[in-house]
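Please read the structure below before turning to the comments.
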Amino acid sequence: MLILNKLHLYAAFASGCLIALSISCSNKITTKTNGTQGPDNVVKPLYITEPVRFDTDDPAIWINRADPARSLVIGTDKDKNGGLYIYDLKGKIVKEKTVKGLKRPNNVDVAYGLTLGGKKFDIAVATERMTHKIRVYSLPDMKPLDNGGIEVYEGQMGIMFRDLMGIALYTDPAGKIYAIVGRKTGPTDGTYLWQYLLEDDGNARLKATLIRKFGKYSGIKEIESIAVDNELGYIYYSDEQVGVRKYYADPAKGNEELALFATEGYTEDNEGISIYKTSATTGYILVSDQSANKFKVYSREGLNNPHNHALIDSVKTATVKSDGSDIVSVPLNSDFKHGLFVAMSDDKTFHFYRWEDIAGSKLIINP
């Protein structure tokens, strides 16, 4: 089934092996696969990236609005001497844009049109765990905009209460950009996540203003993956081994938990979250069943209720213990005509999948 949705192309900008070859730890070539489902029912990626030095964790996709074929993927290398690796759409490292020397960068997200000093910037924002800072870079040049980083969770005294992990960016209808930041652990009183407004301080310098504290936490493990649906105005995050929690992205709408889903059928942790949009209001929420090397697919719009996110499918991929993922549902180039799904794999790489291969026969494919 095909759905033509020109509106989604604009909405996305407002948000956010051939089988034979395998990649070794020593080589630095991109592996290209058939990008189809193999005889073992495992969906193969079209490309496997060149490896990072230490430990991949989370990707984000930046769409080049002038030329989608020149879009980029940003991936974290999680180490005390880590970095942000920049890839082209064939999974090759763009060395001149890659940022090194970050102190355990964990997750990353992108947003479009931040106003700073009277100019508009597309941005990549990453959490730097060991410094308790978020790091902000302009896209596509990856130049720092944060004057060395912006501290968050200030005043928190608990053990690892300031050790940053997840991040997602929300762009509201007025164009304001917010960072929703998570951490290794925290209180169970409904204030686990903190939401910051990213804005000009009046002197062309970027500041982050704390707007609210919200979000239930079970205390069982940790919260790492956070995703935002800009068009529908929701935040989703994985309370690992419990499920995916859902809240309003607009602070003015309050801190009520709207849903808890993805609570059953996981081998161990529920992890990375990404949202494929078949229209401004419909699509799918993909959640990593990390230890099973699968992604469970839920209804974005809900079944008879916007907060009843029913399970639709479970897709087994070639990724190994995938933490983070990202997805776009607009055409980028001849390889990714219906969208790109990028998932971290626990072998220092990221996997690039065509949406039609993930979708199979059960899910909608955008033309």
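The values are calculated or read from the model by the stated rules, or taken from the named source; none is laboratory data. Source: prediction; values computed, not measured. With ideal geometry, Cβ positions are generated from the backbone for all residues, glycine too; neighbour counts draw on all protein chains shown.
Residues of segment 141-165 that are out of contact with any Phe, Trp or Tyr (no Cβ under 7 Å at 6 or more places or on another chain), at negative phi and of a type outside the set (D, E, K, R): Ile150, Gln156, Met157, Gly158, Ile159, Leu164, Met165.
Every condition in (1) in contact with a Gly (Cβ under 8 Å, 6 or more places away or on another chain); (2) part of a strand (DSSP E or B) is met by Ser322 except one, and the failing one is (2).
Answer yes or no: is there a residue in segment 65-72 that is modelled with pLDDT of 95 or more, assigned to a strand (DSSP E or B), in contact with a strand residue (DSSP E or B) (Cβ under 7 Å, 6 or more places away or on another chain) and crowded, with 23+ Cβ neighbours inside 10 Å. No, because not a single residue in segment 65-72 is modelled with pLDDT of 95 or more, assigned to a strand (DSSP E or B), in contact with a strand residue (DSSP E or B) (Cβ under 7 Å, 6 or more places away or on another chain) and crowded, with 23+ Cβ neighbours inside 10 Å. For segment 239-257, check the following and say yes or no: at least one residue is of a type in the set (D, E, K, R) and within 21 Å of Gly360 (Cβ to Cβ). Within segment 239-257, not a single residue is of a type in the set (D, E, K, R) and within 21 Å of Gly360 (Cβ to Cβ). Can you find a residue in segment 113-128 that is surrounded by fewer than 22 Cβ atoms within 10 Å (Cβ to Cβ), under 26 Å from Asn333 (Cβ atoms), touching an Asp or Glu at 6+ places or on another chain (Cβ under 9 Å) and at pLDDT 95 or above? Yes, there is a match, as at least one residue in segment 113-128 is surrounded by fewer than 22 Cβ atoms within 10 Å (Cβ to Cβ), under 26 Å from Asn333 (Cβ atoms), touching an Asp or Glu at 6+ places or on another chain (Cβ under 9 Å) and at pLDDT 95 or above.
Quick grid of which residues meet (1) in contact with a strand residue (DSSP E or B) (Cβ under 9 Å, 6 or more places away or on another chain); (2) surrounded by 21 or more Cβ atoms within 10 Å (Cβ to Cβ); (3) acidic (Asp, Glu):
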site: Tyr276; (1), (2), (3): yes, yes, no
site: Lys294; (1), (2), (3): yes, yes, no
site: Tyr298; (1), (2), (3): yes, yes, no
site: Lys316; (1), (2), (3): yes, no, no
site: Gly339; (1), (2), (3): yes, yes, no
site: Asp346; (1), (2), (3): yes, no, yes
site: Ile358; (1), (2), (3): yes, yes, no
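Screening Val110, Val52 for residues that are at pLDDT 95 or above, within 29 Å of Arg354 (Cβ to Cβ) and outside any strand (DSSP E or B) leaves exactly one candidate, Val52.
Of all residues in segment 186-218, those that are assigned to a loop (DSSP other than H, G, I, E, B), within 20 Å of Val125 (Cβ to Cβ) and among the hydroxyl-bearing types (Ser, Thr, Tyr) total 1. Contact annotation: residue pairs with Cβ atoms under 6 Å, 6 or more positions apart or on different chains, pairing a residue in segment 217-233 that is on the phi > 0 side of the Ramachandran plot with a partner that is part of a loop (DSSP other than H, G, I, E, B) and modelled with pLDDT of 95 or more, are Gly219/Thr188; Gly233/Ala249; Gly233/Asp250. Inspection of segment 193-216 identifies at least one residue that is at pLDDT 95 or above, of a type in the set (Asp, Glu), touching a Lys or Arg at 6+ places or on another chain (Cβ under 7 Å) and surrounded by fewer than 23 Cβ atoms within 10 Å (Cβ to Cβ). Here Gly155 fulfils each of the conditions (1) under 30 Å from Glu257 (Cα atoms); (2) surrounded by 16 or more Cβ atoms within 10 Å (Cβ to Cβ) apart from (2). Cβ-Cβ distance below 6 Å, separation of 6 or more or different chains: which pairs start in segment 331-343 with a residue that is closer than 19 Å to Val315 by Cα and assigned to a loop (DSSP other than H, G, I, E, B) and end on one that is modelled with pLDDT under 95 and not β-branched (Val, Ile, Thr)? Hits for this filter: His338/Asn366.
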